[in-house]
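A.B. asks: Below is the structure I would like to discuss, written out as structure tokens.
The values are calculated or read from the model by the stated rules, or taken from the named source; none is laboratory data. Just so it is clear, the model here is predicted, and its values are computed rather than measured. Every residue, glycine as well, gets a Cβ built from its backbone with ideal geometry; the counts of neighbours run over all protein chains shown. Just the protein is used for accessible areas: all its heavy atoms, side chains included, with ligands, DNA and RNA removed. Shrake-Rupley method; radii C 1.70, N 1.55, O 1.52, S 1.80 Å.
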Amino acid sequence: MNDQDIINLYFARDEQAIRETDNKYGNLCMQISMNVLASKPDAEECVSDTYLKTWNSIPPTRPNSLCAFVCKIARNLSLNRLRDLRRDKRNRELTLSFEELEDCIPMPDEPKNELSHLLTEFLNKQNEDDRVLFMGRYWFHCSVTDLAKRMGMKPNAVSQRLYKTREKLRALLEERGYRV
């Protein structure tokens with residue numbers, strides 16, 4: 001079933017929408033939650049909550065991309081769950097991915113919409129491998145080791161490419177007047 005058909009099921013308040021969402025995006029949502037939480041029971045709970053939040057959000061929202069919409073919900077719920085579960089003991093891999101970006105992300109008072117467009121523009125100019133590595137590390141919170149296996153690379157090569165991509169991003173942001 002295509003995304004628009006699934007969205008139409010949500011608008012019709014047909015519970016089949018949840019089953020179809022699970023069939024199509026359940027494994028991806030579980031992977032995102034597992035990357036953040038590293039706990040199957042917690043990840044399963046977040047995926048379940050993802051379907052509830054999707055049900056409550058569609059309608060009125062009609063997402064352009066159901067995949068992106070559902071993945072963003074799963075990611076945000078997982079990050080919130082991690083914060084609740086481990087206030088003092090953070091998941092080291094997740095903390096590392098955020099620490100890596102710390103030196104090239106502007107201060108929080110910058111306009112988010114403009115920054116989002118700039119980041120999209122930046123990623124579109126990168127080659128496909130660098131884009132996949134960047135998104136895998138900083139959106140899906142995959143470990144460097146997992147990314148290396150998926151890309152057929154050595155972990156050190158992945159780390160170097162991520163470093164160079166972050167440096168390019170930082171230079172672009174500074175060039176555009178963002179405080180980094």
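A.B. asks: Once the whole set of protein chains is in place, how much accessible area is left on Glu114, using a 1.4 Å probe, in Å² to the nearest 10?
C.D. replies: For Glu114, the solvent-accessible surface is approximately 100 Å².
A.B. asks: Using a 1.4 angstrom probe on the protein heavy atoms only, could you order Thr120, Thr21 from most to least accessible area?
C.D. replies: Putting Thr120, Thr21 in descending order of accessible area: Thr120, Thr21.
A.B. asks: Further, regarding this structure: If you average the sequence gap of Cα pairs under 8 Å that are 6 or more apart and divide by the length of segment 119-180, what percent do you get for the contact order?
C.D. replies: 24
A.B. asks: Rounded to the nearest 0.05, what FRET efficiency do Asn76 and Glu175 have when you use their Cβ-Cβ distance and R0 = 45 Å?
C.D. replies: Plugging the Cβ-Cβ distance into 1/(1 + (r/R0)^6) gives 0.90.
A.B. asks: Also: Given the pairs Lys53/Lys168; Lys72/Lys149; Lys40/Lys149; Lys72/Lys164; Lys72/Lys168, which are separated by over 28 angstrom at their Cα positions?
C.D. replies: Numbers: Lys53/Lys168 36 Å; Lys72/Lys149 24 Å; Lys40/Lys149 21 Å; Lys72/Lys164 26 Å; Lys72/Lys168 25 Å.
Distance filter (> 28 Å) returns Lys53/Lys168.
A.B. asks: Once the Cβ-Cβ distance between His117 and Tyr163 is put in as r, and R0 is 22 Å, what FRET efficiency do you end up with, to the nearest 0.05?
C.D. replies: Using R0 = 22 Å, I get an efficiency of 0.35.
A.B. asks: How charged is the neighbourhood of Phe11? Take every other residue with its Cβ under 14 Å from the Cβ of Phe11, and add Lys/Arg as +1 and Asp/Glu as -1.
C.D. replies: Working: positive: Arg13, Arg62; negative: Asp3, Asp5, Asp14, Glu15, Glu20.
Summing Lys and Arg as +1 and Asp and Glu as -1 gives -3.
A.B. asks: Rounded to the nearest Å, what's the spacing between the alpha carbon centres of segment 110-180 and segment 38-62? Just the number, please.
C.D. replies: Answer, in whole Å: 27.
A.B. asks: Kindly state, to the nearest 0.05, the FRET efficiency for Asp14 paired with Cys67, given R0 = 25 Å and r defined as their beta-carbon distance.
C.D. replies: 0.80
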